[in-house]
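Trainee: Please find one structure pasted underneath; my questions will follow.
The values are calculated or read from the model by the stated rules, or taken from the named source; none is laboratory data. Predicted model only: the values in this text are computed from it and were never measured. Here Cβ is always computed from backbone atoms with ideal geometry, including for glycine, and neighbour counts include all displayed protein chains. In case anyone asks, the SASA skips ligands and DNA or RNA and just uses the protein heavy atoms, side chains included. Shrake-Rupley method; radii C 1.70, N 1.55, O 1.52, S 1.80 Å.
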Amino acid sequence: MRFEISKVLDAIEGRVCTDPSLARAVVDLAEVIRYQDLDGGRPASLLRLGMVIDALARQLEEDSVPVYAIVHRALLSDADLTSNERMVVRRWADDGLVEVLDNPGDRMFEVADLLGLPVLSRARADGLRGRYPWLAEQPGRVLAPVPGPGGPVFVAHVGKGDTPVAGDPSPVGGKLLARQWRCPEPGCALFGGGGGGGAFADLARVDRSPAGQPPPSLRGGAPTCPRHGTRLGDAGPRPRTEVLAVRIGGLIRRRFVLSEEQPVVVGRAPEQTGGITLGQWLNDEARRWISRNHVRFELRVGEVIVTDVSTNGSGIRPGGSMAEPDRIALKPQQSRVLDAGDMVELYPGVQVGRPGELPAGAPYTPTSVMAEAPTMAMRLPRP
Ligand SMILES: [Zn+2]
């Protein structure tokens, strides 16, 4: 049983990140962990984060929906957690997957403001409405997770609604995210030099690169490390990025960030670090057709270039058209610029494109972080 719980925690680990391009909501980790009514279980349980992540995925009708978790430092030594859970949170902190702060204060709402994300919390933030007008004006920006029939559901603080809604990054957020920042504190997991991360950085499921740095905290108008309280140095323009998504069987299974620094390979089981592994979602025929490394994406001068690196080739669906005569073959070793609306089709029903341009329209069959966990071992790329 203990073994399976650690697998669930591994699955949850794949859904926490501080990458502005991937996080879909902000949560107060301590609040979620201590929300006993959610499952009527122990006073504190890290598994409740998985329940909230699953609920968010249900609402957004996507798999693999990551959350931006902020947590008070005291949680690292919370005796109500198991020693394994404490160790896991410490590892997330070391890898910069979560923000562990001495004084979280209003950081949760600041991050939501800077990134335009919804907040999942029961905390009333009425006193912050002057600073963050969207708290009062945009229903769906702050929702409380509450117990529901099949797991947590969300209730909007303002107006009616149960669906988290993203806004736009605030103007100051846009400016902060245009630059790279450097924390003077050695080994800072959030704003460290060259890749950051702890001892397991290479194994981190979410890449850390300057392109994925969290938003600085603003203190007295100055960009500040939320962890160390130190003034951040400006390390130049942030690398350009583009978010792409994998859609399989009509559903977005996973988003990934393409930056100018590193191409990303998508395939059945790519060898490359940061490659996108599709194997776990494929049926036998698709598995036979799709190569281990199938397509490579690069971002060059703002354009997404796709290159087929497979044995069997791919296709382009221009403007997302599913009409067969429109399909353009992408033969092995051929490259093409991915224009607005274009999708790459690796196999019928297996597509990659920009998430906003991938048509929805399939019954939602999510992969739960809780349920998938016992099969995790089968889903690791083969050595
Ligand atoms: Zn720092």
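Trainee: Could you tell me which of rounded, prolate or oblate describes segment 37-101, using a ≥ b ≥ c as the square roots of the eigenvalues of the alpha-carbon gyration tensor, with rounded for a/c under 1.5 and, failing that, prolate when a/b is larger than b/c and oblate otherwise?
Mentor: oblate
Trainee: Let me ask something additional. Find the cysteines in the chain that fail to meet the 4.7 Å Cβ criterion with every other cysteine, and list them.
Mentor: Cysteines lacking a close Cβ partner in the chain: C17.
Trainee: Please compute the net charge surrounding P118, taking Lys and Arg as +1 and Asp and Glu as -1 over other residues with Cβ under 10 Å from its Cβ.
Mentor: +2
Trainee: For R300 and S83, compute 0.36 nm times the residue count separating them, minus their Cα-Cα distance, and round to one decimal in nm.
Mentor: The R300-S83 span can extend by a further 73.6 nm.
Trainee: Still on this structure: Given the Cα-Cα distance of I328 and E137 and 0.36 nm per residue of separation, how much length would full extension add, in nm?
Mentor: 64.2 nm
Trainee: When the Cα atoms of the chain are enclosed in a convex hull and the volume is divided per residue, what value in Å³ results?
Mentor: Residue-normalised Cα hull volume stands at 145 Å³.
Trainee: Taking every pair of alpha-carbon atoms in segment 1-148, what share in percent sits in each 5 Å bin, from 0 to the bin with the longest distance?
Mentor: Here the calculated profile for segment 1-148 is 2, 10, 20, 23, 22, 14, 6, 2, 1, 0.
Trainee: Solvent-accessible area per residue for segment 1-42 at a 1.4 Å probe radius, Å²?
Mentor: Ligands and nucleic acids excluded, the result is 41 Å² per residue.
Trainee: In whole percent, and with a 1.4 Å probe on the protein chains, what portion of the accessible area of the chain is carbon and sulfur?
Mentor: Taking all protein chains in place, the chain shows 52 percent carbon and sulfur surface.
Trainee: Another one. For T273, what accessible area in Å² do you get when you roll a 1.4 Å probe over the heavy atoms of the protein chains, rounding to the nearest 10?
Mentor: Counting only protein heavy atoms, the figure is 90 Å².
Trainee: Can you give the longest run of the chain that contains no chymotrypsin sites (Phe, Trp or Tyr not before Pro) sitting in a DSSP loop with at most 13 other Cβ atoms inside 10 Å?
Mentor: 1-199
Trainee: How much accessible area per residue does segment 107-154 have, counting only protein heavy atoms and a probe of 1.4 Å, in square angstrom?
Mentor: Each residue of segment 107-154 exposes 37 Å² on average to a 1.4 Å probe.
Trainee: How would segment 267-348 be classified by its alpha-carbon gyration tensor: rounded, prolate or oblate, with rounded meaning a/c under 1.5 and the a/b versus b/c comparison settling the rest?
Mentor: oblate
Trainee: Next up: Over the Cα atoms of segment 5-80, what radius of gyration and what Dmax do you get, in Å?
Mentor: 12.2, 35
Trainee: Just check segment 296-340 against the gyration tensor rule for me: Cα atoms, a ≥ b ≥ c as the square roots of the eigenvalues, rounded for a/c under 1.5, and otherwise prolate or oblate depending on whether a/b exceeds b/c.
Mentor: Judged from the Cα gyration tensor, segment 296-340 comes out oblate (a/c at least 1.5, b/c at or above a/b).
Trainee: Ignoring ligands and nucleic acids, what accessible area does M87 show with a 1.4 Å probe (Å², nearest 10)?
Mentor: About 100 Å², ignoring ligands and nucleic acids.
Trainee: Next question, about the same structure. Run the helix sum for the chain: -39,500 (n - 2.57) per DSSP H stretch of 4+ residues, divided by residue count, reported at 222 nm to the nearest 500 deg cm²/dmol.
Mentor: Computed ellipticity for the chain at 222 nm equals -5000 deg cm²/dmol.
Trainee: Mean Kyte-Doolittle hydropathy of -0.5 or higher plus an axial Cα length of 15 Å or more: which whole DSSP H helices in the chain meet both?
Mentor: 2-13, 47-60
Trainee: Accessible area, 1.4 Å probe, largest first: how do H72, H294, H157 sort?
Mentor: From most accessible down to least: H72, H157, H294.
Trainee: By the scheme Lys and Arg +1, Asp and Glu -1, what is the net charge of all other residues having a beta-carbon under 9 Å from that of P147?
Mentor: Summing Lys/Arg as +1 and Asp/Glu as -1 gives -2.
Trainee: Now for a different question. I'd like the accessible area for R24: 1.4 Å probe, protein heavy atoms, all chains in place, Å² to the nearest 10.
Mentor: Probe radius 1.4 Å; accessible area of R24 about 50 Å².
Trainee: Just to verify a number: FRET efficiency for D168 and E357, C-beta to C-beta distance, R0 = 22 Å, to 0.05?
Mentor: Computed FRET efficiency for D168 and E357: 0.75.
Trainee: Largest first, what is the accessible-area ranking of K7, K160, K331, K175 with a 1.4 Å probe?
Mentor: K160, K175, K331, K7
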